[in-house]
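Everything on this sheet refers to the single structure shown next.
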Amino acid sequence: MADEPALKIYQIHTWIREISPMIWRRLLVRSDSTIADLHHILQIAFGWTNSHLHRFRIQGQDYGIWRLGGPIFSTDAHHVRLANFRFRVNERFLYEYDFGDRWQHEVRVERHLASDTKRTYPVCIGGKRAAPPEDCGGAWAYLRRHDEVPWTTEELLWEMAEDLEAENGEATNSANAMAQICRTASEATPRRRWRG
């Protein structure tokens, strides 16, 4: 077709909103990929399990793969190609996964690249941090739990010593040894408690 856009590779940068430090991925995706393809690419890139509803919000319209109990989309995501949007460099759109936890991913088109015949697409070329676990309650709950995790090895050892002592009714040699390590370390560093 004469008006069919030429094949490009989109370099996209996507991150989960409301999480700091940022959890992100940088991907190379073919412009002839469909919205349905991009959904599956993002699921794999972030380690999600495709267990929940999702939607894209691109140029003011919602797109997604219809599932029982989910929203009805006016366009079939299996037939809408990324090239149809004619994305500009730095253009952004939303990918939301799990309407209960509301994982909102900002997706930004960073660059348009020529296709490299030696490379297989899609491909993840960068990223930081593992995605939050499924069904953990969303960004706020994830950050609260993240903040409650011990910050140092000494704190973790102290917790383990307390757990061993509680399980056995009295401190074992291992628990005593860990407790001694923790006491020594805590003289230099104030101890924070694990809330849970």
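Annotations for the structure displayed:
- Here the strands (runs of 3 or more DSSP E) wholly within the range 1-98 that include at least 3 residues being in the same structural domain as Gly127 (by TED's automatic domain parsing), surrounded by 16 or more Cβ atoms within 10 Å (Cβ to Cβ) and in contact (Cβ under 8 Å) with a residue 12 or more places away in the chain are 9-16, 24-30, 54-58, 92-97.
- When the criteria are applied in full, His105 fails the requirement of being over 21 Å from the mean Cα position of the chain (by Cα) and within 16 Å of Ile41 (Cα to Cα).
- The one condition in (1) among the basic types (Lys, Arg); (2) more than 16 Å from Leu42 (Cα to Cα); (3) without any contact (Cβ under 8 Å) to a residue 40 or more places away in the chain that Arg119 fails to fulfil: (3)
- Residue list for the range 37-76, filter: modelled with pLDDT of 95 or more and among the basic types (Lys, Arg): Arg55, Arg57
- So Tyr142, is it among the hydroxyl-bearing types (Ser, Thr, Tyr), not in a strand (DSSP E or B) and not assigned by TED's automatic domain parsing to the domain that holds Arg25: yes
- Within the range 122-132, tally of residues that are part of a loop (DSSP other than H, G, I, E, B) and either under 13 Å from Tyr97 (Cβ atoms) or small (Gly, Ala, Ser) (or both): 3
The values are calculated or read from the model by the stated rules, or taken from the named source; none is laboratory data. In this text, all values refer to a predicted model and were calculated from it rather than measured experimentally. Don't worry about glycine lacking a Cβ; one is built from the backbone with ideal geometry, like all the others, and counts go over all protein chains shown.
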